[in-house]
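Beneath this line is the structure, given in structure tokens, with notes to follow.
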Amino acid sequence: MILPADQARFEYSVPVLVIGAGACGLTAALAAREAGAEVLVLERDAKPTGSTSLSTGLIPAAGTRFQKALGIEDTPELLAEDIWRKAKGETDRAIVDAVARASGPTVEWLADRHGVAFKLVEGFLYPGHSVLRMHGTPHRTGVELQGALLAAAGRLGIDIVASATATDLYAAGDGRVAAVRFTRPDGTAETVGCEALVLACCGFGGDKDMLRHEIPEIADAEFSGHAGNQGDAVKWGRALGAALADMGSYQGHGAVAVPYGNPVNWGVLVNGGYQVNARGERFSNEVRGYSEQAVEVIAQPGRVAWNIYDEARERPILGFADYEEIRSLEGIRKAGSLRELAAMLAIPAERLERTNAEVDALRSRSAPDRWGRNFAGSAPLAPPFCAVKVTGALFHTQGGLVIDTSARVLRPGGTPLPNLFAGGGAARGLSGPSNWGYFSGSGLLTATTLGRIAGAAAARAQGA
Ligand SMILES: Cc1cc2nc3c(=O)[nH]c(=O)nc-3n(C[C@H](O)[C@H](O)[C@H](O)COP(=O)(O)OP(=O)(O)OC[C@H]3O[C@@H](n4cnc5c(N)ncnc54)[C@H](O)[C@@H]3O)c2cc1C
């Protein structure tokens, strides 16, 4: 809710206040603090985790020293073009360019200044990526990334008030936010004043009603993100007269292991694996992107599919903690023949064999299949064959507050609200209006780059 600024009663005030302690909020806090501002972070959970901890923690960035060490040539321009192509040009080019420009410096800043132990992911290209540019922590987990960010915040003495759910903003008639009210688990409320506010409380994946209204196609799918992300940034922004865009946009994922809930890395499909349904039939172009594949999978019988691949395709993703966990729970089925594999999966053996033969025929053809996928040149699967049962899920919403390249929240006419900033899942993403524009890794890309930009800009705005 938005309350009149003159009703705000608070005992303390900070120059920069951040709501949400995920990747966006923590990078914003680090940047604001480095810019010399005192900063306070409000976080609803007792232990800050966010969708960031649930993620694989991979961040695309261009022109980094990690890429250069492996001889990979990349530029912000190439990254921007890749993002733009994936979104079919239906997003804000200025933000795409700003994020792409900021990506390399942000990853290096997090590594060199704040101790995030990045390594480049090798062995396969993510959908839409022209070159290897995914940076991840040693076990490729969001828990490691979040832990490193929290440790960095601790080293800078940044105060995080946990178990503090922001409920209301106090704002003047011109939209200037004067204070934020938050509640504690025992129901008591407190208010803190601020000179600038960064909304880093992600999207609305945790609010089913909002999802049903804004994105009905994915509202009933599993939500793999953080349940506490209930669209508060959008709700406050709307009430303050901020512009919203791409509210039907989201990041889905078309291979969440059943019943484990972990995403299966797309590398097994990109390198020549494929998906079949319960009839043993393929049903789509699996490599357009993992986001748009979510609705394809939940449209299949039982809302499930199986990733079919082999050990050569599995090799590059061994060591990813998500995958290792599924393996340790025996969620990866392996068999010496497709017939045996089909029996394990309880799908028709003859049809699976026929599907595999059809794919093999495509591998020696240069033309794409009827869904537009080109298998040309990829080696046939070899025994032992591998399979994992998957479903489609919502990872996070991509619509949100319209911002400028300084992460200032804008009104519909393009003028900025006086002291309000947003990034990560709280702001409009780079994906365009729907599910097909999600560029692999752009969730954490916008969380970290826009978080850093927002924090620095909020520090500059204090007292303005
Ligand atoms: C399974 C999975 C895998 C993923 N893998 C990747 C990946 O490898 N690469 C990638 O780029 N993206 C990935 N994503 C997406 C990525 O996790 C998100 O885009 C990113 O974490 C968003 O960061 P954020 O800081 O905006 O939000 P979050 O990390 O969700 O942080 C928001 C914080 O705000 C808090 N909050 C919410 N409302 C309030 C309130 N009213 N008051 C106080 N606090 C509040 C929440 O508790 C939360 O801690 C994945 C997502 C999932 C679910």
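Checked against (1) of a type in the set (Gly, Ala, Ser); (2) surrounded by fewer than 20 Cβ atoms within 10 Å (Cβ to Cβ); (3) in contact with a strand residue (DSSP E or B) (Cβ under 9 Å, 6 or more places away or on another chain), GLY123 meets all criteria but (3). Within region 15-25, is there a residue that is more than 6 Å from the ligand (Cβ to nearest atom), farther than 23 Å from HIS114 by Cα and touching a Cys at 6+ places or on another chain (Cβ under 7 Å)? No - not one qualifying residue is present in region 15-25. Residues considered: VAL18, VAL41, VAL14. Of these, the only one that is of a type in the set (A, V, I, L, M, F, W, C), surrounded by fewer than 24 Cβ atoms within 10 Å (Cβ to Cβ) and not in a helix (DSSP H, G or I) is VAL14. Highlighted here are the strands (runs of 3 or more DSSP E) found entirely within region 80-194 that include at least 1 residues which are farther than 29 Å from ARG313 by Cα and within 16 Å of the ligand (Cβ to nearest atom): 159-161, 165-171, 177-183.
Being of a type in the set (Phe, Trp, Tyr), touching a helix residue (DSSP H, G or I) at 6+ places or on another chain (Cβ under 9 Å), in contact (Cβ under 8 Å) with a residue 24 or more places away in the chain and more than 9 Å from the ligand (Cβ to nearest atom) is a property that does not hold for PHE10. Taking each residue of region 38-50 that is near the ligand (Cβ under 9 Å from one of its atoms) and looking for partners that are in a loop (DSSP other than H, G, I, E, B) with beta-carbon atoms closer than 6 Å, six or more apart or interchain, yields VAL41/ALA21; LEU42/ALA164; GLU43/ALA21; GLU43/ALA162; ARG44/GLY228; PRO48/ALA21; GLY50/GLY22; GLY50/HIS226. Among the residues of region 140-166, which ones are more than 19 Å from GLU108 (Cβ to Cβ), of a type outside the set (Ser, Thr, Tyr) and surrounded by fewer than 20 Cβ atoms within 10 Å (Cβ to Cβ)? Correct list: VAL143, GLY147, LEU150, GLY154, GLY157, ASP159, ILE160, VAL161, ALA162.
Checking the conditions here, which among THR405, THR391 is touching a helix residue (DSSP H, G or I) at 6+ places or on another chain (Cβ under 9 Å), under 30 Å from CYS24 (Cβ atoms) and surrounded by fewer than 18 Cβ atoms within 10 Å (Cβ to Cβ)?
Details: THR391 fails: surrounded by fewer than 18 Cβ atoms within 10 Å (Cβ to Cβ).
None of the others qualify; the one that does is THR405.
Out of (1) surrounded by 20 or more Cβ atoms within 10 Å (Cβ to Cβ); (2) touching a Ser or Thr at 6+ places or on another chain (Cβ under 6 Å); (3) within 24 Å of GLY252 (Cβ to Cβ); (4) not polar (S, T, N, Q), the odd one out for ALA62 is which? For ALA62, the exception is condition (3). Within region 394-412, does at least one residue satisfy the condition of being modelled with pLDDT of 95 or more, of a type in the set (Ser, Thr, Tyr), part of a strand (DSSP E or B) and under 30 Å from ARG176 (Cα atoms)? Looking for residues that are modelled with pLDDT of 95 or more, of a type in the set (Ser, Thr, Tyr), part of a strand (DSSP E or B) and under 30 Å from ARG176 (Cα atoms), one finds at least one in region 394-412, hence yes.
The values are calculated or read from the model by the stated rules, or taken from the named source; none is laboratory data. If you're wondering where the values come from, they're calculated on a predicted model, not measured in any experiment. Note that each Cβ is placed from the backbone with ideal geometry, even for glycine, and that neighbours are counted across all protein chains shown.
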